[in-house]
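The values are calculated or read from the model by the stated rules, or taken from the named source; none is laboratory data. Because the structure is a prediction, the values reported are computed rather than measured. Cβ coordinates were reconstructed from backbone atoms using ideal geometry, including for glycine residues, and neighbour counts include every protein chain displayed. We work out accessible area using only protein heavy atoms, side chains counted, and drop any ligands, DNA or RNA first. Shrake-Rupley method; radii C 1.70, N 1.55, O 1.52, S 1.80 Å.
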Amino acid sequence: MLRPILIAAFLIATSPIFALAQDSSAETGAASVSEEVIVDATPETPTALGPLQAILQEHRNEVAKASRRTVDEVIDAVRAAKLPQGLTFLERWGDRELWQREEDGLFFFTEKADGQDLTLIDIDTGEAVGTISKGDIKQLKPNSGVRTVIASSLVASQLEDPDPARRRQALDAIERRAEKEHLEPLRASIETEEDPAIKARKERLLRVITISFGQTTETRVDAIRSFSQDLSLDARAALNPLVVTRIGYSEGEPEGVNVARTLTPGKDISREVAYKLLVDDEKAIAARTRAERKAALEANIEDGTVGGVPVSELSSQEARDRAYSSLVDEGKAPPFVTDETMDAELAKYTFYEAYADSNAEVTTAAAETLDSIDQYVGLNRFFSLVLDGLSLASIYFLAAIGLAITFGVMGVINMAHGEFIMIGAYTGYVVQQIIPNYTVSILVALPLAFVIAAAAGIALERLVIRHLASRPLETLLATFGVSIALQQIAKNVFGTQARPLTSPSWLDGAWVINDVVAVSYIRIAIFVLALVFFALLLFVLNRTRLGLEVRAVTQNPRMASSMGINPDRINMLTFGLGSGIAGIAGVAIGLFAKVTSELGQAYIVQSFMTVVVGGVGNIWGTLAGATMIGFLQKVIEFFNPSNTLAAQTYMIIFIIIFIQFRPKGIIALKGRAAGD
Amino acid sequence: MSALLEVLGVSVTFDGFRAINDLSFSIQPAELRAIIGPNGAGKTTFMDIVTGKTRPDSGRVQFGTPPVDLLRLRESDIARIGIGRKFQRPTVFEAQTVFDNLSMALRNERSPFSALGYKAGKSDIERIEEIASEIGLADHLKRLSGELSHGQKQWLEIGMLLAQDPQLLLVDEPAAGMTLGEREHTTDLLVRTARTRAVIVVEHDMEFVRRLECPVTVLHEGSVLAEGSLDHVTANPEVIEVYLGR
Amino acid sequence: MKNTFLARNPSVLVFILLLAVITLLATVFSEAYGTGLLPTNYVKILGKTLCLCLIAIAMDLVWGYCGILSLGHFAFFGLGGYMIGMWLMYARTEDIVIASMTNAALPPTPDEVRDAIGTQIFGVVGGSDVPLVWSFAHSLPIQLALVVLVPGLLALVFGWLAFRSRVTGVYLSILTQAMTLALSLYLFQNDSGLRGNNGLSGLQNIPGLTDAPQSVLSIWFMWGSALALGLGYVFAAWMVSGKFGNVVKAIRDDEARIRFLGYSVEAYKLFIFTVTAVIAAIAGAIYYPQAGIVNPAEIAPIASIYLAVWVAIGGRGRLYGAVIGAALVSLLSSWFTGGQAPDLPLGFYTVQWVDWWQVLLGLSFVLVTLFAPRGIAGMFDRLVRKDAA
């Protein structure tokens, strides 16, 4: 799984290194060097050799015929001079871009000019200094040993670059593509590092590359083990190649390989695959598949029989096997491997999975560390799951609380509740068409959605629900009629395609806690919104006159009305409140889901479930219900991530079973008030 | 003779409110008993417990010989082993005829399958007509019970209770909304019924209770305050305190 | 008073007669057996409508008579369709596969046939194996039994759970809706083994009757539907007219009271829920061969709500009300959404019924609930009584 990531990382990684090197040469080359030319110009070089050229000329042979043994001398000399252009030089030398003029032995970079000519570029100034025919100049091709040394020295110098940005870039480069040569320069650079952040990064990176390139088993194992609680991808990327396995087999006990586990054909590995390994190595004759055997039979039909068996009888596998056997006996077909012979062949060998890395200590440590990381990742996934669950719960809470309030107070289910959510979402969309500033439009849309949805709710209450008092099932159906009408109207007005409700840019992105846990800001905002409304409703219901009256009507409508509470007014107000919150929920949902006429439908069943599970007439109940449903859905999705449909199926089944044990929800009213 | 119904140390709490508090009570197989008590004394809750509507927090309720633990049974089972209940407000099936109401109450197999195959036999029809004349509704058998007067509905419900042929009748305020003549008839009927089976009457109306001439149990705050003849309990200072002292 | 079945149910005779007349007329005007005035397409619509009337009767029994507003009966209808559809699809594919293999050099083995059928049927969902649930798909008698058994068992288990815990009223409605949603979501998955959202298709081709043209088949299916509807009507009338019906109505009107009379409300509800589920499944099993395709969208909760709408508009608590509602609304619905209804120009805006029919239906539904709670049949009753008076 990691391989494509690594390849991609490599592709991205390589280009900036070069770009970087060239950028810096372009910047520094022209301006600063010209001064240095004057200062450092040595008397022995009358043609005013650049300082770098001068150094190289001192080591002309070592440069031209570089060998691994001598290259250090050159590099040391270049680095000792601390020339800015030295780095570019090393870079291009390593990339085989250094040329030597045969005439005087001077070194140049080149660019392609007309025809066979090359433009000479001064290695100090980076400026073109003339052209030369290809025949008169020689390209230097340092061998790979030399290039490796050059590369690591490059990193070494970048790692100690005075500019922190360049040091970070060097670290980036190593992170993208670590090499053995980086190990020592990195280690060496840590001591002198002054920036604590970069230092920490260097130390960590050192451990990462020690995993692969550490000199002794012990240092590698130590480095590996140090990552047992590390979540970042690079640690896992470094560890995973160590535990790559391949399947092999041997006669008798496997020897000379680092065995991860032995495989039993038919159990850990399919018999066919195991057998194919043997066939590939010509240790066994190929098994003929049914299709191949059938083809052989078809090819050998003679006068309506095959191998003496009439074709018309060949409608069973058993008869075909018989016919094929006789073909084999006649030598007309290759022998066919029966299950018994295949088993017998397989029994001769031990099949195993072996690590590519032969160092058992390292692979064991890596496997164990990966296990440990997996556990830690699991822990963090769980944490992430909790956050997801919270987020989903807050959405369900917003979507369901209005339903729960109206259900509690009036005992009716409003099937059009989902359409109030939809109204809220479309309100948000329309507001955005008028007010282009997303922040302002959201701030306008939230209260407006509340008002519009509340108005729709109050209208529904006054026109329909009031006239169906105490007939809950008919209310359910009448509001369903409203629901399909509203849905279709929305479809007719806004069309069937999804409308965008764009969140302001400060809500884009996510709060990234580590490589596993991240929460998008929209979800956080919705969570906060749900909290706000939860607190607000708690306040309204428990601390205000309206709340008192609402609670009175919820518990005993007749008693409440005899005490001077006007239930019609309470019904209207609660319906308005419940519908208004649905409108707000609509804006919130619209921010992350597409706004369509079916938006409400998608949430309505979950909202019902939330109310049913939570219990009626109590916002704590709705909170509990929403939390339970939200978490449940996420947990089921966690175990079956590929299949959200199945997750919902299982959730509903769970809820049906849950109702068996708490028919009145998690938080139920008890006693006579609950009625029957 | 052992008790038909035995209620022992029953308590039930609703949201912290003790509706029934360590109540003990028993009644003989052929006995008429009146239960009186102020509002909230737990009279209706007591009936709910006996008929299985409410489950007590503690205590025992036993019925019949050999005793059956009522707390383990569902409402329909309790009704089937012989406890009939008449509600305070008359609850008859208004969309159905008097005949159908009585026919459903008649003591017969109660399973869906037997109901599907049921055909009113001669004896059943005779029994229904007998009960109908007893409750004065013989001419109204074909009428929808929803069209009956309040008093007639009360009668119909008593008739349904009789049709069930229970061993124990729980009657909640049978005389409410009845004329004087109807009350007398009701008293007669209850007294007559109590000769062969147990009858518990919950009533507010002292005059009505007096006419029943039976032992009285006074409930207060979920437990028995006094028991005995009506004159005996009304002389009890505690009872007077409860009824008048507030 | 004569207490015979027909005397108690005068509507039965009228209904059966009307049904027979309509079916006969349709046959007389059909393309296959008559003048050809009535295109096959319309015969199919008629046949399907009769099936919808049958499930409406089931809905009326469970809701109108017993007061259980089930929002899940269309799930049983769809399941019935799936069960018969499995045989239709499997057997027909088997015929096709075998026919295509007759020219092969070697006669096919049973395994090869099964593999070919698997590829043919499940290729669309990326499978080639025949899933376990199709184990009996080759056998018509078994699948016919499953038409009754699978929905019946589902209703029995669900009903037992729901009624046992005394879930009633809107709670129960929502729970049945949840069951329906769960079922349709389950069927939407490819690995449910029932071809995911593709559903089962080609059901209008009856295996073994490939020579019979659709015009003939449609007549036969219409007669089958009419027979089922007639039997269902008589059965339902018989159920609700006796003591069972009284108890069931009593449960609807006052559940607690009937319990104190010693009736096990749960047993009755479970009985009627399961029986109506089976009726719905049978209706579905006759409907889908005429529709040609059954897919999870058919089972979506909304379908069951529409069913309630039909019964409510027709008038619940009266069997003929359910039939009137289902026939009227479903026929109107296909007329309006089929694009046959003329547009309504309002000058500033032209009402296209394809778009506005749903709005009209929704609003008229609200109006019926508000002003005619007994539905069309209720108004009808009032007229009849006025005439009599």
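On the basis of being open to solvent by less than 60 Å² (accessible area, probe 1.4 Å) and touching a Lys or Arg at 6+ places or on another chain (Cβ under 8 Å), does A:Val516 make the cut? The answer is yes for A:Val516.
Residue by residue, here is whether (1) more than 30 Å from A:Pro504 (Cα to Cα); (2) in a helix (DSSP H, G or I); (3) open to solvent by 10 Å² or more (accessible area, probe 1.4 Å) holds:
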| position | (1), (2), (3) |
| --- | --- |
| A:Asn571 | yes, yes, yes |
| A:Gly580 | no, yes, no |
| A:Ala585 | no, yes, no |
| A:Val605 | no, yes, yes |
| A:Val611 | yes, yes, no |
| A:Val616 | yes, no, yes |
| A:Met628 | yes, yes, yes |
| A:Gln633 | no, yes, yes |
| A:Glu637 | no, yes, yes |
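Counting the residues of region A:460-513 that are surrounded by fewer than 22 Cβ atoms within 10 Å (Cβ to Cβ), of a type outside the set (A, V, I, L, M), within 12 Å of chain C (Cβ to nearest Cβ) and farther than 27 Å from A:Ile526 by Cβ gives 8. Highlighted here are the helices (runs of 4 or more DSSP H) found entirely within region C:298-389 that include at least 3 residues which are within 14 Å of chain A (Cβ to nearest Cβ): C:301-314, C:319-337, C:353-371.
Among residues of region C:246-264 being more than 7 Å from every other protein chain (Cβ to nearest Cβ) and within 27 Å of the chain's Cα centre (by Cα), the one that is surrounded by the fewest Cβ atoms within 10 Å (Cβ to Cβ) is C:Arg252. The residue that is nearest to the other protein chains (Cβ to nearest Cβ), among those in region B:105-130 that are within 15 Å of B:Ile158 (Cβ to Cβ) and open to solvent by less than 10 Å² (accessible area, probe 1.4 Å), is B:Ala105.
Here is a yes/no grid of residues against (1) among the β-branched types (Val, Ile, Thr); (2) in contact (Cβ under 8 Å) with a residue 60 or more places away in the chain; (3) out of contact with any Ser or Thr (no Cβ under 9 Å at 6 or more places or on another chain); (4) open to solvent by 80 Å² or more (accessible area, probe 1.4 Å):
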{"site": "C:Ala327", "(1), (2), (3), (4)": "no, yes, no, no"}
{"site": "C:Trp335", "(1), (2), (3), (4)": "no, no, yes, yes"}
{"site": "C:Gly339", "(1), (2), (3), (4)": "no, no, yes, no"}
{"site": "C:Pro345", "(1), (2), (3), (4)": "no, no, yes, yes"}
{"site": "C:Tyr349", "(1), (2), (3), (4)": "no, no, yes, yes"}
{"site": "C:Val359", "(1), (2), (3), (4)": "yes, no, yes, no"}
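Scanning region A:588-603 for residues that are over 14 Å from A:Tyr396 (Cα atoms) and either open to solvent by less than 10 Å² (accessible area, probe 1.4 Å) or of a type in the set (Ser, Thr, Tyr) (or both) turns up A:Val595, A:Thr596, A:Ser597. Determine if region C:208-229 includes at least one residue that is within 14 Å of chain B (Cβ to nearest Cβ) and open to solvent by 10 Å² or more (accessible area, probe 1.4 Å). For region C:208-229, residues within 14 Å of chain B (Cβ to nearest Cβ) and open to solvent by 10 Å² or more (accessible area, probe 1.4 Å): absent. Taking region B:1-69 as the region of interest, the strands (runs of 3 or more DSSP E) fully inside it that hold 1 or more residues being farther than 25 Å from B:Arg210 by Cα are B:5-14, B:17-27, B:58-63. Taking the conditions (1) away from chain A (no Cβ under 14 Å); (2) buried (at least 17 other Cβ atoms within 10 Å of the Cβ) in turn, B:Ser26 satisfies each one other than (2).
Is region C:265-285 home to any residue that is small (Gly, Ala, Ser), closer than 24 Å to B:Glu75 by Cβ and open to solvent by 10 Å² or more (accessible area, probe 1.4 Å)?
Within region C:265-285, one or more residues are small (Gly, Ala, Ser), closer than 24 Å to B:Glu75 by Cβ and open to solvent by 10 Å² or more (accessible area, probe 1.4 Å).
Taking only region A:73-104 into account, find how many residues are under 40 Å from the mean Cα position of the chain (by Cα) and acidic (Asp, Glu). Final tally of qualifying residues: 3. For region A:553-569, the tally of residues that are farther than 25 Å from A:Phe450 by Cα and either polar (S, T, N, Q) or open to solvent by 10 Å² or more (accessible area, probe 1.4 Å) (or both) stands at 10. Surrounded by 14 or more Cβ atoms within 10 Å (Cβ to Cβ), farther than 13 Å from C:Leu106 by Cα and outside the structural domain of A:Tyr349 (by TED's automatic domain parsing): does that describe A:Glu298? Considered against the rule, which asks whether it is surrounded by 14 or more Cβ atoms within 10 Å (Cβ to Cβ), farther than 13 Å from C:Leu106 by Cα and outside the structural domain of A:Tyr349 (by TED's automatic domain parsing), A:Glu298 comes out as no.
Within region C:166-191, restricting attention to residues that are of a type in the set (Ser, Thr, Tyr) and open to solvent by 10 Å² or more (accessible area, probe 1.4 Å), the residue that is nearest to the other protein chains (Cβ to nearest Cβ) is C:Tyr186.
Once region C:361-389 is narrowed to residues that are free of Cβ contacts under 8 Å to residues at least 24 places away in the same chain and of a type in the set (Val, Ile, Thr), the residue that is surrounded by the most Cβ atoms within 10 Å (Cβ to Cβ) is C:Val366. Exactly one residue out of B:Glu184, B:Glu238, B:Glu207, B:Glu213 is free of Cβ contacts under 8 Å to residues at least 12 places away in the same chain, surrounded by fewer than 15 Cβ atoms within 10 Å (Cβ to Cβ) and of a type outside the set (Val, Ile, Thr): that is B:Glu207.
Sort out which residues of region A:126-179 are within 26 Å of A:Leu49 (Cα to Cα), over 34 Å from the mean Cα position of the chain (by Cα) and among the hydrophobic types (A, V, I, L, M, F, W, C), and write them in order of number. If the condition is that a residue be within 26 Å of A:Leu49 (Cα to Cα), over 34 Å from the mean Cα position of the chain (by Cα) and among the hydrophobic types (A, V, I, L, M, F, W, C), then A:Ala128, A:Val129, A:Ile132, A:Ile137, A:Leu140, A:Val146, A:Ile150 are the ones that fit. The condition of being in a helix (DSSP H, G or I), open to solvent by less than 20 Å² (accessible area, probe 1.4 Å) and over 25 Å from A:Val493 (Cβ atoms) holds for only one of A:Gly424, A:Gly457, A:Gly428, A:Gly408, that being A:Gly408. For B:Gly59, the criteria (1) surrounded by fewer than 18 Cβ atoms within 10 Å (Cβ to Cβ); (2) touching a residue at least 24 places away in the same chain (Cβ under 8 Å); (3) within 14 Å of chain A (Cβ to nearest Cβ) hold in every case but one, which is (3).
Search region A:276-304 for residues being within 19 Å of A:Ala354 (Cβ to Cβ) and part of a helix (DSSP H, G or I), and hand back the single one that is nearest to the other protein chains (Cβ to nearest Cβ).
Here is the first cut: in region A:276-304, the ones within 19 Å of A:Ala354 (Cβ to Cβ) are A:276-278, A:280-281, A:283.
Now restrict to residues that are part of a helix (DSSP H, G or I): A:276-278, A:280.
Details: A:Lys276: 21, A:Leu277: 26, A:Leu278: 27, A:Asp280: 27 Å.
Taking the candidates together, the pick is A:Lys276.
The listed residues are B:Glu184, B:Glu173, and the only one of them that is touching a helix residue (DSSP H, G or I) at 6+ places or on another chain (Cβ under 8 Å) and among the acidic types (Asp, Glu) turns out to be B:Glu184.
How many residues does region A:594-637 hold that are within 14 Å of chain C (Cβ to nearest Cβ) and on the phi < 0 side of the Ramachandran plot? Selection size over region A:594-637: 25. Would you confirm, using the coordinates I've provided, whether B:Leu168 is open to solvent by less than 30 Å² (accessible area, probe 1.4 Å), in contact with a Phe, Trp or Tyr (Cβ under 8 Å, 6 or more places away or on another chain), within 14 Å of chain C (Cβ to nearest Cβ) and closer than 25 Å to B:Leu5 by Cβ? Spelling it out, B:Leu168 is indeed open to solvent by less than 30 Å² (accessible area, probe 1.4 Å), in contact with a Phe, Trp or Tyr (Cβ under 8 Å, 6 or more places away or on another chain), within 14 Å of chain C (Cβ to nearest Cβ) and closer than 25 Å to B:Leu5 by Cβ. The residue pairs whose first member lies in region A:524-541 and is more than 24 Å from A:Ser503 (Cα to Cα) and touching a residue at least 40 places away in the same chain (Cβ under 8 Å), whose second member is part of a helix (DSSP H, G or I) and among the charged types (D, E, K, R), and whose beta carbons are closer than 7 Å, counting only pairs six or more residues apart or on different chains, are A:Leu541/A:Arg551.
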